[in-house]
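Trainee: Attaching a single structure in structure tokens format; questions to follow.
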Amino acid sequence: MSDDILEKVRDSLADLDLENTLRYVEEALNQGVDVVDIIMKGLTEGMKIVGERFEREEYFIAEVVVAAEIFKEVMNMLKPRLSQSNKGLKPIGRVIIGTVYGDIHDIGKNLVAAVLEANNFEVIDLGVDVPPEKFVKAVEEYQPDILGISALLTTTMMNIKNVVEALEREGLRNKVKIIVGGAPVTEEFARSIGADAYAEDAFKTVEVCKRLIEEKRRGSQRKT
Ligand code: B12
């Protein structure tokens with residue numbers, strides 16, 4: 001039953017049909033389907049299909065832009081439902097997040113930020129196309145527990161390394177845990193550039209960030 005409606009959400013997003021995407025998301029909510037499933041099995045899977053159609057040249061940039069807009073609109077509607085009642089609670093930790101220089105993809109980063117906030121992290125979002133100096137300045141200014149860096153292109157992935165190196169040069173590397181992610185990024189890559197952690201999706205990110213905070217509080221500099 002719930003798989004059926006999630007397939008409809010997935011396919012209407014993939015077919016760039018805003019009206020039906022919203023309708024099926026409403027229906028899924030009315031059926032009691034978990035918001036997490038709507039996001040991961042419906043919207044994210046739909047976006048994967050859009051990527052595949054783009055690769056096969058069935059879609060062009062214009063279609064991908066429309067899909068991105070639908071995704072964002074639905075997320076605006078779902079975001080309040082993601083939040084647990086954190087009001088009055090002390091945040092678990094502070095996270096700065098941004099998409100690397102040369103890269104303007106932000107749907108995944110925004111989703112990570114929204115899910116972290118819903119799980120009681122304080123999040124400072126630096127946006128997209130963020131140069132290393134801006135990451136460095138933000139780490140200096142806000143002294144976060146964690147820095148999250150997103151890259152969606154194989155060509156911009158290496159720019160994450162420049163951020164890690166810039167933090168090292170400024171003597172800030174040991175003050176912050178670094179987590180990286182985005183479609184082309186892997187655990188192996190994360191290790192190879194000296195990041196502390198990798199997470200494959202927004203919900204895993206919460207788990208990993210909690211672990212990083214504990215490690216940081218224990219004062220351990222051990223790589224994860
Ligand atoms: C939407 C999209 C766009 C939109 C972006 C709109 C926006 N506001 O973000 C637009 C149209 C602008 C775009 C442009 C381009 N794109 Co594009 N795009 C996509 C597409 C279809 C979907 C990406 C997406 O939003 N997915 C949904 C989200 C929810 O998933 P996600 O981003 O992977 O995020 C999750 C995880 O990765 C992780 N995560 C993400 N960030 C972080 C950060 C941290 C810290 C952590 C822990 C985890 C984490 O958690 C997220 C949530 O669960 C992908 C296809 C794909 N398969 O990824 C191509 C894709 C990424 N794009 C691609 C390309 C080539 C381009 C362009 C170069 C096209 C062009 N010729 O102009 C430009 C580049 C522009 C630039 N300089 O950045 C290629 C990249 C190929 C490669 N390997 O390098 C892809 C893979 C498409 C393809 N199959 O060819 N694109």
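A short reminder: the numbers here are calculations on the coordinates, not readings from a lab. Just so it is clear, the model here is predicted, and its values are computed rather than measured. Here Cβ is always computed from backbone atoms with ideal geometry, including for glycine, and neighbour counts include all displayed protein chains.
Trainee: I'd like the Karplus ³J(HN,Hα) series for segment 153-167: coefficients 6.51, -1.76, 1.60, θ = phi - 60°, whole numbers in Hz, and an x wherever there's a Gly or Pro.
Mentor: Computed from phi, the couplings for segment 153-167 are 10, 4, 6, 9, 3, 5, 5, 5, 4, 4, 5, 4, 5, 5, 5 Hz.
Trainee: Can you tell me which of Tyr101, Tyr142, Tyr24 moves the most in a GNM of the chain? Springs connect C-alpha atoms under 10 Å apart.
Mentor: Tyr142
Trainee: Let me know the shape class of segment 94-217, please: from the alpha-carbon gyration tensor, a ≥ b ≥ c as square roots of the eigenvalues, rounded when a/c is under 1.5, otherwise prolate if a/b is greater than b/c, or oblate.
Mentor: Judged from the Cα gyration tensor, segment 94-217 comes out rounded (a/c under 1.5).
Trainee: Among the aspartates and glutamates, which fall within straight-line cross-link reach of Lys79, defined as a Cα-Cα distance under 12 Å, with same-chain neighbours fewer than 8 residues apart omitted?
Mentor: Within the straight-line limit of under 12 Å, Lys79 reaches these aspartates and glutamates: Glu117.
Trainee: Hey, another quick one. Using 0.36 nm per residue of separation minus the Cα-Cα distance, give me the extension gain between Ser192 and Asp4 in nm, one decimal.
Mentor: 63.6 nm
Trainee: Evaluate the Kirkwood expression for the hydrodynamic radius of the chain, namely the inverse of the mean inverse distance over all pairs of different C-alpha atoms, and round to one decimal in Å.
Mentor: Hydrodynamic radius (Kirkwood, Cα only) of the chain equals 18.2 Å.
Trainee: When a/c is below 1.5 the answer is rounded, else prolate if a/b is larger than b/c, else oblate, so apply that to segment 21-104 with a ≥ b ≥ c taken from the square roots of the Cα gyration tensor eigenvalues.
Mentor: Oblate shape, in that a/c is at least 1.5 and b/c is the bigger or equal ratio.
Trainee: Here's a follow-up. Take the alpha-carbon centre of segment 25-99, take the same for segment 156-224, and report the distance between them in whole Å.
Mentor: If we compute the Cα centre of each part, the gap is 23 Å.
Trainee: So between Glu52 and Glu26, what do we pick up on full extension, going 0.36 nm a residue minus the alpha carbon distance?
Mentor: 6.7 nm
Trainee: Could I ask something else about it? Cα to Cα, under 16 Å, and not fewer than 8 places away if on the same chain: which lysines meet these conditions relative to Lys8?
Mentor: Here the lysines satisfying the reach criterion relative to Lys8 are Lys41, Lys48.
Trainee: While we're looking at this one, here's another question. In segment 180-223, which trypsin sites (Lys or Arg not before Pro) are in a loop and have at most 13 other Cβ atoms within 10 Å, using DSSP for the loop call?
Mentor: Arg218, Arg222, Lys223
Trainee: Longest segment of the chain with no GluC sites (Glu not before Pro) in a DSSP loop having at most 12 other Cβ atoms within 10 Å?
Mentor: The longest uninterrupted stretch comes out as 59-224.
Trainee: What's the angle, to the nearest 10 degrees (0 to 90), between helix 202-217's Cα axis and the longest principal axis of the chain?
Mentor: For helix 202-217, the angle is close to 20 degrees.
Trainee: Same structure again: Measure nothing but the geometry: give the 0 to 90° angle between the long axis through the Cα atoms of 18-30 and the longest principal axis through the Cα atoms of the chain, rounded to 10°.
Mentor: 80 degrees
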